[in-house]
Amino acid sequence: MTSWIGDYIKAQKAALDSIPAEKVEQLIQLFSKAVNEGRQIFVFGNGGSAANCSHFATDLGKGSSDKIGKRFKIISLNDNVSWLTALGNDYSYEDVFVKQLINYARPGDIVFALSVSGNSPNVVKALQWSKENGLRTVALVGGKRGRMAEIADEVIVIDDTHYGRVEDAQMGVCHLICYGFMENPQIAG
């Protein structure tokens, strides 16, 4: 087991090393512009990515907002279980994110979609709708890239296909964005 653990940690370090610092900096600039313009930020994903979205919305909406003295308008579309299940039941699971965006999103808002495979049908559909309706689209995906990487305006690829390692590195990107503001509040302008 010790050898397996060592190998896993080595592979996790490689996944973290694949995070492109310049792309994360661009996202920090995008989020800085969003908070200054009062833009809404929508985050969503499935499974572990959904959990990362909830965590990210909390850290950016509370921690980063507190430090910069401005409020990020961020919501995780994963967090209203009754709405998700109603949409999944009455339409299809493929519609659980896009139907929420239809209610809330406006041109110029930001969609930040997370997926290891990059091919989750409900995430792809919401990302495509967002692109067609004038939202700024960002995809955080694993090494397979998938359809999301073809659609999004901005893409960060974690160079691994292992779900646990990619999800851990996704949270690393999310923390880099949040702590970018928490530890450097002047970047919010």
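No lab work stands behind these numbers, since they all come straight from the coordinates. This is a predicted model, so every value here is computed, not measured. Cβ coordinates were reconstructed from backbone atoms using ideal geometry, including for glycine residues, and neighbour counts include every protein chain displayed.
The peptide list 144-156, 104-116, put in order of mean Cβ contacts within 10 Å with the highest first, becomes 104-116, 144-156. Take the Cβ atoms of TYR93 and LYS10, set R0 to 41 Å, and the FRET efficiency comes out at 0.70. Each peptide among 177-184, 48-55 gets the average number of other Cβ atoms lying within 10 Å of its residues, and from highest to lowest they stand as 48-55, 177-184. Each residue of region 1-84 gets 129 Å³ once the volume of the Cα convex hull is shared out per residue. Potential lengthening of the chain between SER82 and TYR163 amounts to 26.5 nm, from the contour at 0.36 nm per residue minus the alpha-carbon distance. From most to least packed by mean Cβ count within 10 Å, the peptides 15-23, 159-167 give 159-167, 15-23. In the chain, the alpha-carbon atoms span a convex hull of 116 Å³ per residue. Short-range pairs are left out: with C-alpha atoms under 8 Å and at least six residues apart, the relative contact order of region 2-188 is 27 percent.
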